[in-house]
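The values are calculated or read from the model by the stated rules, or taken from the named source; none is laboratory data. Not measured: the values here are computed from a predicted model. Here the Cβ positions follow ideal geometry from the backbone for every residue, glycine too, while neighbour counts run over all protein chains shown. Side chains are part of the model used for accessible areas, which takes the heavy atoms of the whole protein and leaves out ligands, DNA and RNA. Shrake-Rupley method; radii C 1.70, N 1.55, O 1.52, S 1.80 Å.
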Amino acid sequence: MIIKQLYIAFLAWILLAAPALAQGRSTTLDAVLARGQLSCGVGGDIAGFSLADGQGAMRGLDADGCRAIAAAVLGDAKKVRFVPLTAVTRFTAIQSGEVDVLLRNTSWTLARESNLGLLFAATNFWDSTGFMVKAASGIKSASDLNGASICVRSGTSTEIDVADWTRSHGVKATVVLIGDVNAIQQAFLSGRCDAYATDSSQLAGFRFTQGANGNTLLILPETVSPAQSGSMVRKGDDAWFDIVRWVHFAQVAAEAEGVTSVSVESQLTSTSPDIKRLLGVEGDLGKSLGLDNRWAYNVIAQVGNYGEMYDRDILPLGLARGPNALVTKGGLQFSPLMR
């Protein structure tokens, strides 16, 4: 009888412990800690998201997302190795383990999650496909693109977006596929294509990099296939997935709570239970992720909250918050409870 009771108790323990045992410790986290550096896949050529400045430092929303993960995991936002990837090589790089996380302006689609062995962890930007033309072309609307040639970057979801839109709207257009972003932009500027189609944010970033000549470029008012982009990780390492996802949520929660890189130090003495838990003053949220309890404090102090990143990286492109505002302000960015 005693043996039977012990057996039943053992089975009950196994069932209760199964979720924790299945997740275990993150092998990716262990690799990053052993290396002392986060390997982060970015575009490296997308203004506002990942583009080197005059001193060679990678700047942009995706680049700052990499820094935030490094701050959470290693306690130092500078411990990042940025790996520039093309639209074609990005998925192979994360699948093979060349990079620990992919933050490369990549749209979240069913096929990418079901076929590639990858998971989208968080949405750092809500976007849509758009069209750019030269103002002197006289084209004012996407419906005017009938008979036009459209430059599209190969290996991206924009290929499908443009094909679907032209077919459903009865627009006869010639799609010119080019793999390299600089080549496609030069093809558009040189007149090889009448229009340039890509994410609206990338169009704004490209126009921004043209300086005064940006006034000669027009982004058409219509957008195609609204989508979200963000961080991607490999399937099978749930603990690492949790870390990458909750780093983003921590930055969104910090903005919602009014905690900034400037005020975070003084907020350590806040009486708000939510802020105390967020900053690791109370509770063990960090330990539950396999991190130091000050993980979110390090993220906010060194990189800032989500709003700070957006203002620093995206607002200069002329893009208002729109759907990237907090859900309490009419946008789509939100954080589940940090508790």
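Of the residues 175, 264, 224, 171, which single one is among the aliphatic types (A, V, I, L, M) and over 24 Å from residue 155 (Cβ atoms)?
On the way: 175 fails: over 24 Å from residue 155 (Cβ atoms); 224 fails: over 24 Å from residue 155 (Cβ atoms); 171 fails: over 24 Å from residue 155 (Cβ atoms).
After applying the criteria, what remains is 264.
Suppose we filter 183, 204, 173 for residues that are buried (at least 16 other Cβ atoms within 10 Å of the Cβ) and under 26 Å from the mean Cα position of the chain (by Cα); which single one remains?
Every option except 204 fails the conditions.
Test residue 150 against the criterion of being out of contact with any Lys or Arg (no Cβ under 6 Å at 6 or more places or on another chain), of a type outside the set (Asp, Glu), surrounded by 15 or more Cβ atoms within 10 Å (Cβ to Cβ) and in a strand (DSSP E or B), and give yes or no.
Working: out of contact with any Lys or Arg (no Cβ under 6 Å at 6 or more places or on another chain): yes; of a type outside the set (Asp, Glu): yes; surrounded by 15 or more Cβ atoms within 10 Å (Cβ to Cβ): yes; in a strand (DSSP E or B): yes.
Yes: the conditions hold for residue 150.
Just to check your reading of the model, which residue among 47, 57, 68 is of a type in the set (A, V, I, L, M, F, W, C) and without any contact (Cβ under 8 Å) to a residue 24 or more places away in the chain?
Values: 47 fails: without any contact (Cβ under 8 Å) to a residue 24 or more places away in the chain; 68 fails: without any contact (Cβ under 8 Å) to a residue 24 or more places away in the chain.
Only one candidate qualifies: 57.
With 87, 135 as the choices, which residue is under 22 Å from residue 207 (Cα atoms), modelled with pLDDT under 95 and open to solvent by less than 50 Å² (accessible area, probe 1.4 Å)?
Working: 135 fails: modelled with pLDDT under 95.
Criteria check complete, one pass: 87.
Are there any pairs, at least 6 apart or on different chains, whose C-beta atoms fall under 8 Å, with the first in segment 241-267 and farther than 19 Å from residue 324 by Cβ and the second among the aromatic types (Phe, Trp, Tyr) and open to solvent by 10 Å² or more (accessible area, probe 1.4 Å), and if so, which?
Going by the 8 Å Cβ cut-off, the qualifying pairs are 264/297.
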